[in-house]
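> Input: one structure, supplied below.
The values are calculated or read from the model by the stated rules, or taken from the named source; none is laboratory data. Small disclaimer: the values here were computed from a predicted structure and weren't measured. FYI the Cβ positions are ideal-geometry reconstructions off the backbone, even for glycines, and counts take in every protein chain you see.
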Amino acid sequence: MDNPAKTVFLSEIHLLPGERWWGGGGGDGQNQPYGAGDSPRVDLRVHGNTSSPMLVSSAGRYVWSEKPFGYEFRGGRLLLDSDVGTIEPVQAGKTLRDAYLAVAKAHMRFDGRMPPDVFFALPQWNNWIEIFLHGMDQKAAEDYTAELASSGFPCGIYMMDGGWLSHQGSYEFYAKDYPDPKGLFDRIRSHGWTPLIWTAHFVSPDSREYKRLRHHDTHACLDYLAYRKKPGSKEAAVVRWWSGISAIYDLTKPEANAFYAKTLHDFVDKYGIAGFKFDAGDPAMFVEDCRFHDETAEPVDYTRLYAELAAREFPFHEIRVSWKCGGLPLVTRLNDLAHAWTGPRGQDRAIPQIVAAGLLGCPYALADMVGGGLEVSFVGKKVDEKIFLRSAAMQALMPMMQFSPAPWRHLSGEGVAICRAFADLHVAFAPYILETARHAAATGEPIVRAMEYEFPGQGFARPMQQFMLGDRWLVAPVTTPDDAKTVELPAGTWRDDLGAVHRGPATLRLENVPLSRLPRYERV
């Protein structure tokens, strides 16, 4: 079924006139809404980032399945292939909002819980890009910390990214490079910041931890690691990922799940850390040769359990991959973006992907790091100040804002001042952002909303580089290098960030937009 040439479509749904669809794979948000033409197949069995077995339409219809499916749009039809048979659409109303709220009520877990306020109220800082460029050691982390403290930028969450541990699964710092990790985190907390640290579910083969998880002190096999697929094999599965090969905790076994959680708690308690940036968990990692304790579990079920562990055990967390987790209080990071306007991981993917995450029931999302979080974009290259500042503007009025490349190291003096102003703008909007987050926790409504969600039937059911923040603010960042922006205002009265009042519907063409401006329009 993974080979599109051999795919057998079990369900065929004919599209209604003008009907457009969102959902499924959030990492495919740049291709949404679907329906205007043919689209490549998306297989939710192996799709990374935020995903769920659902699609919602502008005509008030949705599809849902308890199991993952593949889908594509072809010739005016939605084609679905599923291991459990046909999937029928549900007519829940007339609009995208009707469809989404119906599926959220029926299948998601919104109960008023949300991540801690500080995630929304202040910009976050993650040292990944700078330690990647300057050394994954304590000196690089200390330098970044000290410079941030004196920069004048606001900070709430401080994330220590990867490269700190002696080996996968050890939960000990590599002593040669980190001689005083407790002192480092004491200093981070002394600034009033909440520290998090990178982790993943991997265990280095043949390490002490690997042997312990397989044999423990009694030499009795505890089955805490996933096995290879070969029937009857007691050999631990080996997962290939971007840093090499590793075994993994079998999170489908309750005892292993609890042991992993305790290991994490013991580690953060030892160093005074609040929680984790949970990386990896992509279902495609587990397809090749993983067999779980729960023999009914699919790779996506492992992904779901990993995200659920984060939400259950650590209110302070970040996670990049989740499956069928709509309604959980998950801090969701979108896929790594490049330091580029367009392309396979361009900055132009941020808005459609964060819109898609909201329509999958994951409203507490952030669009990677300001300027991009893909480290290879910065190696041996000069930071493009325009990309960086347009990215900062775009994130300023998203639910969360996260920096990594240090503005004071890469930008001009004027650029640093502009960047700091966007960070301050996020802080100024924090009361409203928190209001929308609490509303999302209670109702499921997205924080970042597609234009079609808020203004059905006004011609917005198409790809757009503007969005609604709640029901009050239309945000229209400049996302191209020409400093221009076309803004499409719905019906009603709108006041822009310069104080001018506009009557919609209207199309505004902005030229020579200063780098210091984020075009935004308040509904009045």
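> Return the pairs, sorted by first residue and then second, in which the second residue is in a loop (DSSP other than H, G, I, E, B) and acidic (Asp, Glu), the first residue lies in the range 315-327 and is on the phi < 0 side of the Ramachandran plot and touching a residue at least 60 places away in the same chain (Cβ under 8 Å), the beta carbons are less than 9 Å apart, and the residues are 6+ apart or on different chains.
Taking only residues 6 or more apart or on different chains, the pairs are Glu318/Asp279; Arg320/Asp279; Arg320/Asp282; Arg320/Asp336; Val321/Asp279; Val321/Asp282.
> Which residues, counting only those in the range 336-395, are out of contact with any helix residue (DSSP H, G or I) (no Cβ under 6 Å at 6 or more places or on another chain), surrounded by fewer than 22 Cβ atoms within 10 Å (Cβ to Cβ) and of a type in the set (A, V, I, L, M)?
Ala340, Leu374, Val376, Val379, Ile387, listed by residue number.
> Here is a further query. Pairs, please: C-beta under 9 Å, at least 6 apart or cross-chain, first residue among the basic types (Lys, Arg) and in the range 457-474, second in a loop (DSSP other than H, G, I, E, B)?
Cβ pairs passing all conditions: Arg462/Arg20; Arg462/Pro33; Arg462/Ala36.
> Hey, another quick one. Condition test on Gly232, is it among the small types (Gly, Ala, Ser) and more than 26 Å from the chain's Cα centre (by Cα)?
When the stated conditions are applied, Gly232 passes them.
> Now for a separate question. Within the range 427-437, is even one residue of a type outside the set (Phe, Trp, Tyr), assigned to a loop (DSSP other than H, G, I, E, B) and touching a Pro at 6+ places or on another chain (Cβ under 7 Å)?
No.
> Then there is this: List pairs: first residue in the range 143-154 and charged (D, E, K, R), second residue part of a loop (DSSP other than H, G, I, E, B) anywhere in the structure, Cβ distance under 7 angstrom, at least six positions apart or on different chains.
Glu147/Ala406
> In addition: Only one of Val416, Val478, Val513 is within 24 Å of Gln402 (Cβ to Cβ) and not in a loop (DSSP other than H, G, I, E, B). Can you tell me which?
Val416
> Checking Val331 against (1) more than 18 Å from Ala226 (Cα to Cα); (2) surrounded by fewer than 16 Cβ atoms within 10 Å (Cβ to Cβ), which single condition isn't satisfied?
Failing condition for Val331: (2).
> Given the conditions (1) in contact (Cβ under 8 Å) with a residue 12 or more places away in the chain; (2) in a loop (DSSP other than H, G, I, E, B), and given that Thr342 satisfies all but one, which numbered condition is not satisfied?
Evaluating Thr342 over (1) in contact (Cβ under 8 Å) with a residue 12 or more places away in the chain; (2) in a loop (DSSP other than H, G, I, E, B) leaves (1) as the failure.
> On to the next question. Give the residue that is farthest from His14 (Cα to Cα), with candidates limited to residues of the range 81-101 that are among the β-branched types (Val, Ile, Thr) and assigned to a loop (DSSP other than H, G, I, E, B).
This residue is Val84.
> Quick check on the range 190-201. Is at least one of its residues in contact with a strand residue (DSSP E or B) (Cβ under 7 Å, 6 or more places away or on another chain) and surrounded by fewer than 17 Cβ atoms within 10 Å (Cβ to Cβ)?
No - not one qualifying residue is present in the range 190-201.
> May I pose another question? Quick one: how many residues across the range 169-218 are without any contact (Cβ under 8 Å) to a residue 12 or more places away in the chain and among the polar types (S, T, N, Q)?
Qualifying residue count, the range 169-218: 2.
> Out of (1) buried (at least 19 other Cβ atoms within 10 Å of the Cβ); (2) under 30 Å from Gly156 (Cα atoms), what's the single condition that is false for Asp471?
Only one criterion in (1) buried (at least 19 other Cβ atoms within 10 Å of the Cβ); (2) under 30 Å from Gly156 (Cα atoms) is unmet by Asp471, namely (1).
> Give the residues of the range 488-513 that are polar (S, T, N, Q) and either closer than 17 Å to Val478 by Cβ or not assigned by TED's automatic domain parsing to the domain that holds Met468 (or both), sorted by residue number.
Passing the criteria: Thr507, Asn512.
> For the range 475-504, name all the residues that are without any contact (Cβ under 8 Å) to a residue 24 or more places away in the chain and either in contact with a helix residue (DSSP H, G or I) (Cβ under 9 Å, 6 or more places away or on another chain) or surrounded by 14 or more Cβ atoms within 10 Å (Cβ to Cβ) (or both).
His502, Gly504
> On to the next question. Taking Thr507 as meeting all but one of (1) in contact (Cβ under 8 Å) with a residue 40 or more places away in the chain; (2) of a type in the set (Ser, Thr, Tyr); (3) loosely packed, with under 15 Cβ neighbours inside 10 Å, write down the number of the exception.
Tallying (1) in contact (Cβ under 8 Å) with a residue 40 or more places away in the chain; (2) of a type in the set (Ser, Thr, Tyr); (3) loosely packed, with under 15 Cβ neighbours inside 10 Å, Thr507 fails exactly one: (1).
> Name the single residue, out of those in the range 29-52 being closer than 20 Å to Arg304 by Cβ and hydrophobic (A, V, I, L, M, F, W, C), that is surrounded by the fewest Cβ atoms within 10 Å (Cβ to Cβ).
Checked the range 29-52; the qualifying residue surrounded by the fewest Cβ atoms within 10 Å (Cβ to Cβ) is Val46.
> A follow-up question, please. Kindly list the number of the only condition in (1) within 22 Å of the chain's Cα centre (by Cα); (2) not hydroxyl-bearing (Ser, Thr, Tyr); (3) not in a helix (DSSP H, G or I) that fails for Ala104.
Ala104 satisfies every listed condition except (3).
> Which residues, counting only those in the range 417-447, are touching a residue at least 12 places away in the same chain (Cβ under 8 Å), in contact with a Ser or Thr (Cβ under 9 Å, 6 or more places away or on another chain) and aliphatic (A, V, I, L, M)?
Ile418, Ala421, Ile447 - these are the residues of the range 417-447 that are touching a residue at least 12 places away in the same chain (Cβ under 8 Å), in contact with a Ser or Thr (Cβ under 9 Å, 6 or more places away or on another chain) and aliphatic (A, V, I, L, M).
> Checking Gly26 against (1) surrounded by fewer than 24 Cβ atoms within 10 Å (Cβ to Cβ); (2) at pLDDT 95 or above; (3) under 27 Å from Asp368 (Cα atoms), which test does it fail?
Unmet for Gly26, out of (1) surrounded by fewer than 24 Cβ atoms within 10 Å (Cβ to Cβ); (2) at pLDDT 95 or above; (3) under 27 Å from Asp368 (Cα atoms): (1).
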